[in-house]
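Before any comments, here is the structure.
The values are calculated or read from the model by the stated rules, or taken from the named source; none is laboratory data. It should be emphasised that the depicted structure is a prediction, and the values quoted were computed from it without experimental measurement. Here the Cβ positions follow ideal geometry from the backbone for every residue, glycine too, while neighbour counts run over all protein chains shown.
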Amino acid sequence: MLSKQGTARTLAVAVLAIAAASLTGPASALAPANDSFDEALELTGRSDTASGTNKDATKEPGEPNHAGEIGGASVWFQWTAPADGETTIETCGSDFDTLLAAYTGDAVNALTEIESNDDVCGFQSSISFAAEEGETYRIAVDGRNGVPGLLNLQLRLAPPNDDFADAVVVAGDDGSVDGTNEGASVEALEPGSVSGSVWYRWTALSTGPATFMTCGSTFDTAIAVYTGSALGSLAFVAYSDDACNLGSIAGFEATAGTTYSVAVGGCCGESGDFTLAWNRNPPPPSSMTYPSIGGVAREGQTLTGSPGQWTGSPTFAYAWGRCDAPVDDCDLIPGATGQSYTATTSDIGNRLFLQVSATNVAGSSTAYSDVTAIVRPGGPANTAVPQVFGRAAIGEFIDSTTGNWTGTQPITYAYQWQICDSSGNGCRNLTGAVAASMRVDAAHLGSTLRVVVTASNADGARASTSSPTGVVVRGQSTQVRRCVVPKLRGKTLRAARAAIRRGSCRMGQVQRRFSSTVRAGRVVAQRPRAGARLAANARVHLVVSKGKRR
């Protein structure tokens, strides 16, 4: 009778075998190229990967049972260690129940096993052993009970200082050491500042600035510096990434007698060889956090830049730039060199960014903010200024138009009349004069008048000002008064009557008709036209909307 554990394994293997059945082909199918010991696939370097299949693979005469199991569908790899060190080989990620073994020896029937394994990561395998430089290792991957599948093989020769406990000790106020993080791993409890890290340990001889750098590296390095004696209790000191092209420069204020742990790794999983150098000079500035922009990206709004956080106690210089909407084309804006910038009409439809240059006695470096949202207009755009019509004389009414505006609808309008000197200068607001028309009175004599129209929408507000009227004169009591026909279209009938009276005109005939564009009760048309100057009390005839025809 099978145990519960044996039953579970039997069922799992059966499932894998069923999944592998899709790999079964005709009897004449070719075996994998590395089916035989003598045709082993070569692995190279400190780390390497290989993928393939053991479908149609065979077991050679004299071939050992890998991991103590019969197997029956093995493929072979070989690797010559480039250096001494702890080596890990695994098939995790394969889709079948693997057997894995590493050997030395030159013939399939005369091998010495170094390490073997059946199951570590699920039904896949992993082995670790101390490799010796120059030794060639024969690696077999088989399927338990000969089951085939797709395999994924990874090999990693760890650097000697891969683990925090094995950090390489460096000493003195300056120096350099060659290293690699190829094949490095991430330990449990290791801080996540860098990936694939190797470790160095340095004790400060005196108090003062200290700088560690990997300038000249051919891959994207990162450096992190800590204090503390165990991974789970490290205190962060400094970090750097991309301070000198792909290299890094981590600077900090060291304290005499304090031991610092320096982790060197790759950004985003990159690895390679590097040279770690150190000295006691203050480091050039290095950006710890990127610059940022505060404020609303809208025409007329002021944006304020923050330089971000830097090492090296630098001074800052600012330059604002502009990019097109997809950020394909970016240029600095001439003269925009303050920490703040007010968005202009030229910025509408574009994005803005901030360049920060940081400088200290050791050098300079530059960092950039993210781009802003697309700059929106500050409000409606005026395409024709307001106009004032009517006679600028005491006792007369003068009216205004809004002018022409474009922008996001709806647009609303507000009016403010102003009084100016006879030359149209020195203008000031007239209290309470906030309608589209106003009556000229004696206080305006000898001055000129104008109107400021403010148009508002969801984007903001903008104002446009009319030209001034002529100089206000006295009304002539002996002069025949004139009917100045006001603009009445769109007004209610009540408002139209009042405007007609103010224009020294009289109400004429009122006709009503259906209109698809003008609401019921509002003026559709008038006769005579707006602005006509007629004899006093001339009649103004109206057509008023009855609304849409139903």
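One residue is enough: does the range 451-464 have a residue meeting the conditions buried (at least 20 other Cβ atoms within 10 Å of the Cβ), assigned to a loop (DSSP other than H, G, I, E, B) and touching a residue at least 12 places away in the same chain (Cβ under 8 Å)? Checked against the condition, which is being buried (at least 20 other Cβ atoms within 10 Å of the Cβ), assigned to a loop (DSSP other than H, G, I, E, B) and touching a residue at least 12 places away in the same chain (Cβ under 8 Å), the range 451-464 yields no hits at all.
Here are 447, 423: which of them is free of Cβ contacts under 8 Å to residues at least 40 places away in the same chain, over 27 Å from residue 529 (Cβ atoms) and more than 55 Å from the chain's Cα centre (by Cα)? None of the others qualify; the one that does is 447.
Just to be sure, is residue 210 assigned to a loop (DSSP other than H, G, I, E, B) and within 22 Å of residue 256 (Cβ to Cβ)? Considered against the rule, which asks whether it is assigned to a loop (DSSP other than H, G, I, E, B) and within 22 Å of residue 256 (Cβ to Cβ), residue 210 comes out as no.
Determine whether the range 69-80 contains at least one residue that is surrounded by fewer than 21 Cβ atoms within 10 Å (Cβ to Cβ), hydroxyl-bearing (Ser, Thr, Tyr) and free of Cβ contacts under 8 Å to residues at least 12 places away in the same chain. Within the range 69-80 (the criterion being surrounded by fewer than 21 Cβ atoms within 10 Å (Cβ to Cβ), hydroxyl-bearing (Ser, Thr, Tyr) and free of Cβ contacts under 8 Å to residues at least 12 places away in the same chain), the answer is no, since none of the residues qualifies.
Criterion applied to 163, 119, 142 was being at negative phi and without any contact (Cβ under 8 Å) to a residue 24 or more places away in the chain, and the one residue passing it is 119. Scanning the range 162-185 for residues that are among the hydroxyl-bearing types (Ser, Thr, Tyr) and either assigned to a loop (DSSP other than H, G, I, E, B) or assigned by TED's automatic domain parsing to the domain that holds residue 34 (or both) gives a single hit, 185. Residue by residue through the range 284-307, note down the ones that are in contact with a strand residue (DSSP E or B) (Cβ under 8 Å, 6 or more places away or on another chain), under 25 Å from residue 365 (Cβ atoms) and modelled with pLDDT under 95. The answer is 284, 285, 286, 287, 288, 290.
The sole residue among 359, 342, 366 that is free of Cβ contacts under 8 Å to residues at least 12 places away in the same chain, of a type in the set (Ser, Thr, Tyr), surrounded by fewer than 17 Cβ atoms within 10 Å (Cβ to Cβ) and more than 30 Å from residue 500 (Cβ to Cβ) is 366. Being more than 30 Å from residue 55 (Cα to Cα) and either touching a Lys or Arg at 6+ places or on another chain (Cβ under 9 Å) or among the basic types (Lys, Arg) (or both) narrows it down to one of 198, 177, 170, so name that one. Every option except 170 fails the conditions.
Residue by residue, here is whether (1) under 18 Å from residue 175 (Cβ atoms); (2) touching a residue at least 12 places away in the same chain (Cβ under 8 Å); (3) outside the structural domain of residue 210 (by TED's automatic domain parsing) holds:
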| residue | (1), (2), (3) |
| --- | --- |
| 243 | no, yes, no |
| 271 | no, yes, no |
| 277 | yes, yes, no |
| 306 | no, yes, yes |
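Only residues that are in a strand (DSSP E or B) and surrounded by 19 or more Cβ atoms within 10 Å (Cβ to Cβ) were counted across the range 523-542, and they come to 5. Of everything in the range 226-265 that's within 29 Å of the chain's Cα centre (by Cα) and among the aliphatic types (A, V, I, L, M), which residue is farthest from residue 276 (Cα to Cα)? Once the filter is applied, the top-ranked residue is 237.
In the set (1) out of contact with any helix residue (DSSP H, G or I) (no Cβ under 7 Å at 6 or more places or on another chain); (2) surrounded by 15 or more Cβ atoms within 10 Å (Cβ to Cβ), the condition left unmet by residue 489 is number (2). Filtered by the rule that a residue be within 28 Å of residue 460 (Cβ to Cβ), part of a strand (DSSP E or B) and not β-branched (Val, Ile, Thr), the range 340-367 gives 340, 341, 351, 352, 353, 354, 355.
Residues that are touching a strand residue (DSSP E or B) at 6+ places or on another chain (Cβ under 6 Å) and of a type outside the set (Lys, Arg) were ranked within the range 506-520; the one that is nearest to residue 492 (Cα to Cα) is 520.
Here residue 116 meets each of (1) in contact with a His (Cβ under 7 Å, 6 or more places away or on another chain); (2) among the small types (Gly, Ala, Ser); (3) under 21 Å from residue 236 (Cα atoms) with one exception, condition (3).
With respect to residue 218, determine if the residue is surrounded by 14 or more Cβ atoms within 10 Å (Cβ to Cβ), touching a residue at least 40 places away in the same chain (Cβ under 8 Å) and within 37 Å of the chain's Cα centre (by Cα). For residue 218, the condition - surrounded by 14 or more Cβ atoms within 10 Å (Cβ to Cβ), touching a residue at least 40 places away in the same chain (Cβ under 8 Å) and within 37 Å of the chain's Cα centre (by Cα) - is not met. For the range 251-283, the set of residues classified as surrounded by 20 or more Cβ atoms within 10 Å (Cβ to Cβ), at pLDDT 95 or above and either of a type in the set (Val, Ile, Thr) or assigned to a loop (DSSP other than H, G, I, E, B) (or both) consists of 262, 264, listed by residue number.
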